[in-house]
Amino acid sequence: MPASSAAAKRRDRSSRRDAGIPSPWKMFLKGFFKNPVMVGAIAPSSGRTIRKTLAPVDWSNCKLFVEYGPGVGTFTQPILDRLAPDGKLVVIDTNPDFIRYLKHTITDSRLFPVLGSAADVQQIIRDHGFEKADYIASGLPFSTLPPGIGDAIVEATHEVLRRNGAFLVYQYNPAVKNFLSPHFEHIDHDMEWLNIPPAQIWTCWKD
């Protein structure tokens, strides 16, 4: 990529507005104590967890990436750093504080923060001009979601993924496989021990 294009991409993808905006840690802890069931972790994911989770993505063939539960953008910015200039990133969160935070801290024409439920992913991406997503990442704590919600999210995710797309899941409870295996036949598993707590990483392929 030419230097001028790279500089333009950097200017476009991320512009931080620091005045009056809490730090990511402060926002994360606020969200955790406000609703720990939905945040599901006591600290943001480590850089190693992010790299390992995103490693299977074929970025040259990714036009639409969806993220569930972006929180303070721990994964959001690394996804944007890798996403093609003509790609889109739709992030979905039920916490309005996190959605407002992302809108105030990341200015990127490819980013679309949505206040809503991941179970409605099909309608949400249609509203943005897509029928299928290439990749979907999630840190949602499936085992602590209200009954039926986790199953509904995984079912909707499988439906909306394109063929050979993948659902990228980072979790701290191995029981998440009970939600994934009824819908995905091809699932790869890995661990990242340098994370608080150690992270389970699942790559669920839509064959």
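Residues checked against (1) at pLDDT 95 or above; (2) of a type in the set (Val, Ile, Thr); (3) loosely packed, with under 15 Cβ neighbours inside 10 Å:
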{"position": "Ile125", "(1), (2), (3)": "yes, yes, no"}
{"position": "Glu155", "(1), (2), (3)": "yes, no, yes"}
{"position": "Pro174", "(1), (2), (3)": "no, no, yes"}
{"position": "Pro182", "(1), (2), (3)": "yes, no, yes"}
{"position": "Thr203", "(1), (2), (3)": "yes, yes, no"}
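Pairing residues of segment 129-153 that are in contact (Cβ under 8 Å) with a residue 24 or more places away in the chain with residues that are of a type in the set (Asp, Glu) and open to solvent by less than 60 Å² (accessible area, probe 1.4 Å), at Cβ distances under 6 Å and at least 6 apart in sequence or on separate chains, gives Ala137/Glu67.
Residues that are under 13 Å from the mean Cα position of the chain (by Cα) and among the aliphatic types (A, V, I, L, M) number at least 1 in the following helices (runs of 4 or more DSSP H) confined to segment 89-207: 96-105, 121-127. Within segment 184-201, being open to solvent by less than 30 Å² (accessible area, probe 1.4 Å), at pLDDT below 95 and of a type in the set (A, V, I, L, M, F, W, C) holds for one residue alone: Ala199. For segment 82-101, a residue qualifies if it is surrounded by 18 or more Cβ atoms within 10 Å (Cβ to Cβ) and farther than 20 Å from Leu54 by Cα, and the qualifying residues are Asn95, Phe98, Ile99, Tyr101. Go through the residues of segment 132-145 one by one and say whether even a single one is at pLDDT 95 or above, within 26 Å of Phe184 (Cα to Cα) and out of contact with any helix residue (DSSP H, G or I) (no Cβ under 8 Å at 6 or more places or on another chain). Yes, because at least one residue in segment 132-145 is at pLDDT 95 or above, within 26 Å of Phe184 (Cα to Cα) and out of contact with any helix residue (DSSP H, G or I) (no Cβ under 8 Å at 6 or more places or on another chain).
The values are calculated or read from the model by the stated rules, or taken from the named source; none is laboratory data. All values reported here derive from a predicted model rather than from experimental measurement. Ideal geometry is used to build each Cβ from the backbone, glycine not excepted, and the neighbour counts take in all protein chains shown. Heavy atoms of the whole protein, side chains included, go into the accessibility calculation; ligands, DNA and RNA do not. Shrake-Rupley method; radii C 1.70, N 1.55, O 1.52, S 1.80 Å.
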